[in-house]
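Trainee: Could you have a look at this structure, given as structure tokens, before my questions?
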Amino acid sequence: MRIDQKLSSANLSEPNLREEAQRQSEERLRFLFESSTEFIHILDKNGRIIHVNPAIIKHSGYSESEFIGKRLDEFFTSGSRKIFVEQFKILHENGSIRQEFEFVCKDGTITTMDCSISAICNKQGEILSFVSLQRDIVKKEETEQMKSEFVSHVTHELRSPLASIKGFASTILADKEMDEKTRTEFLNIINDESERLARLIEDLVDLSKIEYGQIKMDKQKAQILDIVQEAISNLKPQYEKNKIVLKTESPQDIPFIFCDRDMILKVLVNLLLNAFKFTTERGRITVSVEREKERIKVTVRDTGIGIPKEDLPFIFDKFYRAESPEDEKKGAGLGLSIAKEIIKSHGGDIWVESRVGKGSTFYFRLPIK
Ligand code: ADP
């Protein structure tokens, strides 16, 4: 219902209508003030704080009562305090300023804030108070840096298969006398590299869709043991070829869970493919499923090369690949970050334990309800 309809349906008299409209407008402003992720201070004419919003309380660690009545610059470093005093005079003359200030949080950390302060005036143009909007620049810069690192990783990963495809294709085209065996070998490389490129693009699209919430998890009742079996049968031919023993274990009855079947299948295929890639011939891979209170725990254990201790904390990061002699087996380093996002969006957790030369064990848990 629109506000004007709401007002007329309430059948209010003229002054009451105005009062009601004003009350609603105040409510909207209060909502904006309270829900804003930007840091907001309302200051009196002398720069003393009269209101703060929850975002700045959360960020700074100070309580509301620690803010109220103090001048805003009391929370700045001494350098910023001096600038604030000068800027405050300009603010009185010009009605607004924009300046970077260093804000000291309760635990002593200093954050650089991009601060815009504007005067609130009455109809006669007299200043009643000020509103100060602040944004944490350091955080903004970190996000910018993460974005640019992501773009440079993607560019790098796309460039190497493309260069190889282009190189081998041009060699084939230029060498009319090339023997059949070499030509086939080169064409196979082009084929493998195009597949790698297609996989990479598919992974990137999946990751960004999951991260930005564009893939809605289609959660349905499912039996995790069936999904494990499907993942295993997808990979069976590769395992058999390398004489790898693949076992499944589930000591108890496993209840149904609600999950996006295709997504959990993707996680299992990723974990099993890694286990396969990094396990030498005649190795052993075991998938076990058990109930842990209100959760189902799935374990994928291999007897492969293992992951160095120093790489373990980063293994679920995008584009991270551990140091290992198996360089040609590594992908773009996106599989585990996709798995982590999928498990996270199911309210579960995923982690790894590993020892070089002994093997790796990946675990994930999903809530039953
Ligand atoms: P990739 O596409 O490179 O396999 P992942 O995100 O799936 O990307 O894995 C990241 C890295 O983690 C791999 O490059 C590898 O170094 C390491 N890794 C993952 N699983 C295993 C495993 N089972 N055994 C040994 N190393 C593994």
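The values are calculated or read from the model by the stated rules, or taken from the named source; none is laboratory data. Given the structure is predicted, the values throughout are model-derived calculations rather than measurements. With ideal geometry, Cβ positions are generated from the backbone for all residues, glycine too; neighbour counts draw on all protein chains shown. Remember, those area values only see protein heavy atoms, side chains included, never the ligands or the DNA or RNA. Shrake-Rupley method; radii C 1.70, N 1.55, O 1.52, S 1.80 Å.
Trainee: Just to be sure I understand the filter: pairs with C-beta atoms under 7 Å, separated by 6 or more residues or on different chains, first member in region 273-295 and assigned by TED's automatic domain parsing to the domain that holds residue 233, second member open to solvent by 50 Å² or more (accessible area, probe 1.4 Å) and near the ligand (Cβ under 8 Å from one of its atoms). Which pairs pass?
Mentor: 277/329; 278/329
Trainee: In addition: Name the residue that is nearest to residue 132 (Cα to Cα), counting only residues in region 57-72 that are assigned to a helix (DSSP H, G or I) and touching a strand residue (DSSP E or B) at 6+ places or on another chain (Cβ under 8 Å).
Mentor: 72
Trainee: Here is a follow-up. Scan region 263-306 for residues that are within 10 Å of the ligand (Cβ to nearest atom) and either hydrophobic (A, V, I, L, M, F, W, C) or within 17 Å of residue 250 (Cβ to Cβ) (or both) and report the count.
Mentor: Number of matching residues: 10.
Trainee: Take the residues in region 178-233 that are assigned by TED's automatic domain parsing to the domain that holds residue 284 and within 16 Å of the ligand (Cβ to nearest atom), then tell me which one is most open to solvent (accessible area, probe 1.4 Å).
Mentor: Once the filter is applied, the top-ranked residue is 232.
Trainee: Take the conditions closer than 25 Å to residue 42 by Cβ, touching a residue at least 40 places away in the same chain (Cβ under 8 Å) and in the same structural domain as residue 47 (by TED's automatic domain parsing) and apply them to residue 84. Does it pass? Full working, then the answer.
Mentor: On the way: closer than 25 Å to residue 42 by Cβ: yes; touching a residue at least 40 places away in the same chain (Cβ under 8 Å): no; in the same structural domain as residue 47 (by TED's automatic domain parsing): yes.
Criteria not met by residue 84.
Trainee: Enumerate the pairs (first residue in region 296-322 and among the aliphatic types (A, V, I, L, M); second residue anywhere and within 8 Å of the ligand (Cβ to nearest atom) and in a helix (DSSP H, G or I)) with beta-carbon separation below 9 Å, excluding pairs fewer than 6 apart on the same chain, so at least 6 apart or on different chains.
Mentor: 298/271; 300/271; 300/274; 300/275; 315/336; 322/311
A quick yes/no check of all residues on (1) part of a helix (DSSP H, G or I); (2) touching a Gly at 6+ places or on another chain (Cβ under 6 Å); (3) open to solvent by 20 Å² or more (accessible area, probe 1.4 Å):
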position	(1), (2), (3)
287	no, no, no
290	no, no, yes
300	no, no, no
306	no, yes, no
311	yes, no, no
323	no, no, yes
331	no, no, yes
343	yes, no, no
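Trainee: Here's something else I'd like to know. Determine, yes or no, whether residue 341 is within 12 Å of the ligand (Cβ to nearest atom) and among the acidic types (Asp, Glu).
Mentor: Details: within 12 Å of the ligand (Cβ to nearest atom): yes; among the acidic types (Asp, Glu): yes.
Yes, satisfied.
Trainee: For a quick check of your reading of the model, give me the residue pairs whose first member lies in region 343-358 and is within 19 Å of residue 303 (Cα to Cα), whose second is of a type in the set (Asp, Glu) and not in a loop (DSSP other than H, G, I, E, B), with beta-carbon atoms closer than 9 Å and at least 6 apart or on different chains.
Mentor: Here the result reads 354/311, each pair linking region 343-358 to a residue that is of a type in the set (Asp, Glu) and not in a loop (DSSP other than H, G, I, E, B).
Trainee: Taking region 269-285 as the region of interest, how many residues are touching a helix residue (DSSP H, G or I) at 6+ places or on another chain (Cβ under 9 Å) and open to solvent by less than 20 Å² (accessible area, probe 1.4 Å)?
Mentor: Step one: list which residues in region 269-285 are touching a helix residue (DSSP H, G or I) at 6+ places or on another chain (Cβ under 9 Å), which gives 269-274, 276-278, 283, 285.
With the extra rule that they be open to solvent by less than 20 Å² (accessible area, probe 1.4 Å), the set shrinks to 271-272, 283, 285.
The qualifying residues number 4.
Trainee: Kindly evaluate residue 354 against the criterion of being part of a strand (DSSP E or B), under 27 Å from the mean Cα position of the chain (by Cα), within 10 Å of the ligand (Cβ to nearest atom) and not β-branched (Val, Ile, Thr).
Mentor: Working: part of a strand (DSSP E or B): yes; under 27 Å from the mean Cα position of the chain (by Cα): yes; within 10 Å of the ligand (Cβ to nearest atom): yes; not β-branched (Val, Ile, Thr): yes.
The answer is yes for residue 354.
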